[in-house]
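Data block below; observations after.
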Amino acid sequence: MRAATLPALPAAAARAADFMIQPLSAQDRVFVLTGAGISAESGLPTFRGADGLWRGHHVQDVATPEAFRANPEMVWQFYSERRKRHATVSANPAHFALVELERHLGERFFLCTQNVDSLHEQAGSKRIVHMHGRLMQTRCSRETCRTKPFEDDRAYLSRAEIPTCPQCGALLRPHICWFGEVPFSMDRIFEQLRICTVLLTVGTSGVVEPAASFVRMARINRARAIYIGPEEPANRPFFDEVLLGKAGEVLPKLVKELAG
Ligand code: NAD
Ligand code: ZN
């Protein structure tokens, strides 16, 4: 992941939550991109919203392979706290609205989330990829090791508790795409960006790459691009429609309009 620098283009008009959106046709294919904002109303803080600090560390300094090599205990404490917090939260109306949209569209729906939480799955989403990994999965820290990530909700608070790989003996790590690492499922994501006719982006600030550039990629093939969130994203000029408001309030209405 890295920060984006986007050239300025003429801005599209932003609208309040009372909108009228053209319903989808039988040919439309919808690519949905979600970020931390969609889980904010469930009680999971966005990093930027929570001032980006954890026990005096910048989140960027905890979420790196270098941090894990230098201090695996500190990194596991950070993710263990997030796992515990995750156990106390539930999917909100925005997550459920996307399940509704998926039911309506079937295989013409694709959900790509930057979130590592499992709230989309908890709501019932099926056609989903987690480009930044899963908080509730663990994998081997050795790049060349072929053992697969596995479901894991445990907390590891001391060095002695951190488990090792049964195949190669390396420390196990959270299945998360850290800063400087390559996001997951990119081939599938690029293919879906190529064929979508509508791009729905929800609750992401538009500064974390490569996700910040998805809107430009989708627009190469003239997809209609809609953004939903309480403030304009950094890549706002690339959107046809910017619907200002909370995801939990705007998305259920939008899905009704789109589904006709
Ligand atoms: P981000 O860059 O995705 O920014 C958060 C965005 O959410 C902001 O643009 C903000 O305006 C918007 N937002 C806030 N409340 C909202 C609401 N109620 N409805 C809709 N939008 C809302 O996220 P970040 O926090 O800077 O995170 C950077 C990276 O870390 C991303 O990959 C992000 O997804 C990940 N992250 C994931 C989780 C999670 O899994 N729940 C939580 C924090 C961060
Ligand atoms: Zn291994």
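The values are calculated or read from the model by the stated rules, or taken from the named source; none is laboratory data. Keep in mind it's a predicted model, so treat the numbers as computed, not measured. With ideal geometry, Cβ positions are generated from the backbone for all residues, glycine too; neighbour counts draw on all protein chains shown. Accessible surface is based on the protein model in full, side chains and every heavy atom, while ligands, DNA and RNA are left aside. Shrake-Rupley method; radii C 1.70, N 1.55, O 1.52, S 1.80 Å.
Annotations for the structure displayed:
- Test: residue in the range 228-248 that is among the basic types (Lys, Arg), at pLDDT below 95 and more than 15 Å from the chain's Cα centre (by Cα): no
- Count of residues meeting criterion [in a loop (DSSP other than H, G, I, E, B) and open to solvent by 20 Å² or more (accessible area, probe 1.4 Å)] in the range 205-217: 3
- Criterion violated by THR144 - all others in (1) in contact with a strand residue (DSSP E or B) (Cβ under 7 Å, 6 or more places away or on another chain); (2) free of Cβ contacts under 8 Å to residues at least 12 places away in the same chain; (3) among the polar types (S, T, N, Q) satisfied: (1)
Conditions tested, residue by residue: (1) open to solvent by 50 Å² or more (accessible area, probe 1.4 Å); (2) basic (Lys, Arg); (3) in contact with a helix residue (DSSP H, G or I) (Cβ under 7 Å, 6 or more places away or on another chain).
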site: ARG55; (1), (2), (3): yes, yes, no
site: GLU73; (1), (2), (3): yes, no, yes
site: VAL89; (1), (2), (3): no, no, yes
site: VAL99; (1), (2), (3): no, no, yes
site: CYS112; (1), (2), (3): no, no, yes
site: LYS126; (1), (2), (3): yes, yes, yes
site: GLU143; (1), (2), (3): yes, no, no
site: ARG146; (1), (2), (3): yes, yes, no
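- Matching residues in the range 177-191 - criterion: being surrounded by 11 or more Cβ atoms within 10 Å (Cβ to Cβ) and either at positive phi or under 16 Å from the mean Cα position of the chain (by Cα) (or both): CYS177, TRP178, PHE179, GLY180, GLU181, PRO183, PHE184, SER185, MET186, ARG188, ILE189, PHE190
- Inter-residue pairs, beta-carbon under 6 Å, first open to solvent by 70 Å² or more (accessible area, probe 1.4 Å) and in the range 152-176, second among the β-branched types (Val, Ile, Thr) and modelled with pLDDT under 95, 6+ apart: GLN167/THR147
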